[in-house]
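Structure record follows, encoded as structure tokens.
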Amino acid sequence: MMAVPQAKRRRQWLSMKTEQTVLGYLCLIPTFVYAAVFLLFPIFYSLVLSFQRWRLYGNQEWVGFDNYRRIFSDSVFWLSLKNAAIYAVFFVPLSIIIALAVAILLNQKIRGMKWYRTAYFVPVVSSTVAVAVVWSFLFDTHYGLVNDWLTRIGLNRVGWLTDPDIAMFSVIIFSIWKSLGSNVVIYLAALQGVPQHLYEAARIDGAGRWGQFRYITLPMVSPTTFFMLIMGLIGAFQVFEQIMIMTGGGPMRATYVVYMYMYDYAFRYSEMGYAAAVGYIMAIIIFILTVINMKVSGKFVHYE
């Protein structure tokens, strides 16, 4: 007599479970459509396009690996890759070190700290194009505020955006300022997750501030540092907006990076297939760098 109600309840439970599952998949349909149309389709279409010659008009001509062979034989591509590597080598470690230092300062319990944190985060939500234009005026050789300060203290004017030896570092300074807020927020979250009893035990054992930082803070935030290293490298090799606005790749191609190279061939020379091939070459390079970092990180990243 009891088996019938139990079987009925089980069928009702299974029916409700099925309805919830179907409803869940129905709610995911917009996300699936978005991913298919705006993510998956462009990825596969650009891969096919990288083996073709297409100038945005006329028929598409299959050329096989000609686009890729042409990339590796072009000295301008290697120049742009070298410039991107220089940008990454300086930008990534400096942005991490400065962000950690600022985060430690902002992790103190002092009056008005919320306002300081907000001030550091404002550049992140600002338009890259807009603030790049502002910094271009600040770095202007003749009328810029930075050079005005230098002349007031008796120094010579500097061609921040016109000197081939300095222009890249000017862009790096801007990029560090622009990304500082987001990096600081990430580090703040990591610092606030460090157990305070570790610092108390270290102080009891006689450890100073440097000892606490070296043996507690750095190991505990090492997963965050690794994450920022990976994301920083990816972003560094994809740098485009600030260079496009501030220097246009000049002077004398001193700031001409890979994504400017790809942009020129796609939208100035209308060689979409060649530009797609450049994009996939960069994807492979970034993937290799990421794998290397993940292999090496085991010696330095502590997850406990």
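Details
- When the criteria are applied in full, Ala167 meets the requirement of being assigned by TED's automatic domain parsing to the domain that holds Thr255, touching a Leu at 6+ places or on another chain (Cβ under 6 Å) and over 14 Å from Leu100 (Cβ atoms).
- Residue selection: Thr255 satisfies the criterion of being touching a residue at least 12 places away in the same chain (Cβ under 8 Å), assigned to a loop (DSSP other than H, G, I, E, B) and surrounded by 17 or more Cβ atoms within 10 Å (Cβ to Cβ).
- Residue match in region 180-199 (condition: within 22 Å of Lys299 (Cβ to Cβ), assigned to a loop (DSSP other than H, G, I, E, B) and either in contact (Cβ under 8 Å) with a residue 40 or more places away in the chain or out of contact with any Gly (no Cβ under 6 Å at 6 or more places or on another chain) (or both)): yes
- A single entry from Leu188, Leu198, Leu180 fulfils the requirement of being more than 30 Å from Ile245 (Cβ to Cβ) and not basic (Lys, Arg): Leu198.
- Meets criteria (under 19 Å from Ile245 (Cα atoms) and either free of Cβ contacts under 8 Å to residues at least 60 places away in the same chain or not aliphatic (A, V, I, L, M) (or both)) for Phe91: yes
- Residue within region 239-248 that is outside any loop (DSSP other than H, G, I, E, B) and farther than 30 Å from Thr141 by Cα present: no
- Just one residue in the set Val146, Val125, Val131 is under 20 Å from the mean Cα position of the chain (by Cα), assigned by TED's automatic domain parsing to the domain that holds Ala85 and crowded, with 17+ Cβ neighbours inside 10 Å; that residue is Val131.
- The number of residues in region 78-93 that are farther than 13 Å from Met260 by Cα and hydrophobic (A, V, I, L, M, F, W, C) comes to 7.
- Only a single item in (1) farther than 24 Å from Ser127 by Cα; (2) among the β-branched types (Val, Ile, Thr); (3) surrounded by 14 or more Cβ atoms within 10 Å (Cβ to Cβ) is not met by Ile204, and it is number (3).
The values are calculated or read from the model by the stated rules, or taken from the named source; none is laboratory data. These figures come from a predicted structure and were not determined experimentally. We place every Cβ from the backbone using ideal geometry, glycine too, and count neighbours over all the protein chains shown.
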